[in-house]
1. Convex hull over the alpha-carbon atoms of segment 20-167: what's its volume per residue in Å³?
2. Is segment 38-89 rounded, prolate or oblate when judged by the Cα gyration tensor, a ≥ b ≥ c being the square roots of its eigenvalues, rounded requiring a/c under 1.5 and prolate requiring a/b larger than b/c?
3. Considering the options ALA236, THR303, LEU145, tell which one lies farthest towards the positive end of the dipole of the chain, charges being +1 on Lys and Arg and -1 on Asp and Glu at the Cβ, about the Cα centre.
4. Taking the chain as the reference, fit the longest principal axis to its C-alpha atoms, fit the long axis of helix 318-328 to the helix C-alpha atoms, and give the angle between the two in degrees, 0 to 90, nearest 10.
5. Given the rule -39500 (n - 2.57) for each run of at least 4 DSSP H residues, summed and divided by the residues of the chain, what is its mean residue ellipticity at 222 nm, to the nearest 500 deg cm²/dmol?
6. If you line up the long axis of helix 331-341 against the longest principal axis of the chain, both from Cα atoms, how many degrees apart are they, to the nearest 10?
7. Considering amide H positions built from the backbone, and no H for Pro or chain starts, which residues 5 or more places from VAL374, or on another chain, come under 5 Å of its amide H?
8. Using every Cα-Cα pair within segment 50-135, state what percent have a distance larger than 20 Å.
Amino acid sequence: MKYLKLSNILLTSVIVISVALVSCQKFGSDAVSIATGSTGNDIELLRTVLEEYTTETGQAVEITSMPSSTTDIFGQFKIWLNAKTSEIDIYQVDVIWAPQIGNHLVDLTEAVSDVSGDHFSSIIESQTSNGRLVALPFFTDAPALYYRTDLLDKYNENVPETWDEMALIAEYIMDEEHAAGNTELWGFVFQGNSYEGLTCDALEWVKSHGGGQIIEPDGSISINNPDAVRAIEFAADLVGTISPPGVTTYQEEEARGIWQTGNAVFMRNWPYAYGLGNSDDSAVKGKFDVAPLPSGGAGSAATLGGWNLAVSKYSEKQEAAIDVVKYLASKKVQKFMAINNSKLPTLPELYSDPEVLKAVPFFAEWLDVFKQAVPRPSAPTKTAYNEVSKEFWTAVHNVLTGSSSAKDSLANLERKLTDIKESESGW
Ligand code: GLC
């Protein structure tokens with residue numbers, strides 16, 4: 001009931017899921033609570049490691065399951081944090097959020113000083129806001145081009161290195177397969193919905209075409225340029241040709257759904273889809289591999305993602321919560337998540353761990369992809385990032401759905417971003 005005072009539709013739906021989860025657990029009222037997204041089998045595996053933690057320590061931990069979309073999660077977390085709720089002790093936070101919600105989170109610098117040096121320093125830096133370490137890394141993310149080895153072999157095609165090659169191969173294989181009766185097959189699926197995921201995909205198109213990073217590290221607005229226009233035009237041409245018309249509503253899980261039922265030649269997605277794609281109930285088990293995303297002429301570009309663990313300043317169980325965070329970020333749990341959920345560890349040593357590499361062979365190669373991944377402009381835009389990203393994904397979505405030309409949309413976006421920059425909430 002306490003929650004319902006904060007009510008909105010999203011909140012209500014989150015709580016319903018949460019109660020359902022809690023009711024099937026044996027946790028007592030002094031349980032530490034963690035709120036976390038629910039992509040793929042994230043919740044199931046988190047529950048497995050937390051049950052082990054409870055057995056080892058006697059400390060109960062309760063999971064509040066959030067939606068899969070990072071945009072939805074962010075909206076809800078902001079409501080809870082602004083309301084200073086003590087109901088959630090630990091928040092699983094996206095890599096882009098530290099400057100925006102850092103002041104609601106506990107400074108972990110001291111408490112984790114014995115382990116923070118074990119993680120990639122770039123991630124620790126990204127989670128440091130105003131000199132305060134506000135989250136401990138859980139896993140990092142850098143996307144891949146998933147491709148069907150069986151189909152490329154059948155049609156004697158190589159793994160594409162450019163977006164144009166990818167589109168040509170996809171179209172050719174689609175046409176041949178359709179003619180042979182495999183009419184459900186699409187060429188390429190990605191995240192085209194109007195949300196943060198589209199910012200990630202579109203940043204890759206723009207950067208790999210030489211069109212910059214939307215807003216550069218020095219804070220200048222660069223998005224309105226001919227290479228960026230070309231990149232977005234390229235993506236708009238995919239919709240309804242080699243990508244389903246419905247791709248403009250897809251997030252990660254919808255793309256994976258098409259892919260995992262065997263109905264796409266290529267997919268852009270994060271590493272989590274690798275393990276799931278090789279599960280027993282997957283139609284593409286053993287029939288795919290991954291490669292770096294194609295280039296648009298200026299090299300391959302992968303957006304940097306990832307999730308971290310933060311303790312709420314409003315938690316009444318901060319000490320217990322920090323202990324849970326340290327356990328989840330530990331080598332033991334990260335190794336389990338790498339092997340069972342193909343999550344990229346934030347501990348460098350796990351990239352040469354034989355058991356990890358046996359389960360996810362591409363991780364050896366992915367270390368470089370992660371190290372060169374392009375950050376979204378969350379550091380230069382500080383507290384304005386969400387607003388900036390929303391304007392960007394909306395501008396791109398308008399082009400993908402045909403309601404605006406790329407040229408007009410990016411010119412309009414530049415005006416909006418300039419207004420935000422010059423406003424009070426600007427950077
Ligand atoms: C993945 C990334 C995250 C990103 C999100 C976008 O979960 O790890 O950083 O914001 O995808 O959908």
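Each value in this text was obtained by applying a stated rule to the coordinates, not by laboratory testing. What you are looking at is a predicted structure, and each value in this text was computed from that prediction instead of being measured. Here the Cβ is made from the backbone with ideal geometry for all residues, glycine too, and neighbour counts use every protein chain on show.
1. On the way: hull volume 28.4 nm³, N = 148.
Taking only Cα atoms, segment 20-167 has a hull volume of 192 Å³ per residue.
2. Here segment 38-89 falls in the oblate category.
3. Among ALA236, THR303, LEU145, the one farthest towards the positive end of the dipole of the chain is THR303.
4. It is inclined by approximately 40 degrees.
5. On the way: 18 runs with 192 residues, N = 427.
After summing the helix terms and dividing by the residues of the chain, the value is -13500 deg cm²/dmol.
6. Result, in degrees: 40.
7. It is ALA302, THR303, LEU304, by chain and number.
8. On the way: 1649 of 3655 pairs.
Everything past 20 Å amounts to 45 percent.
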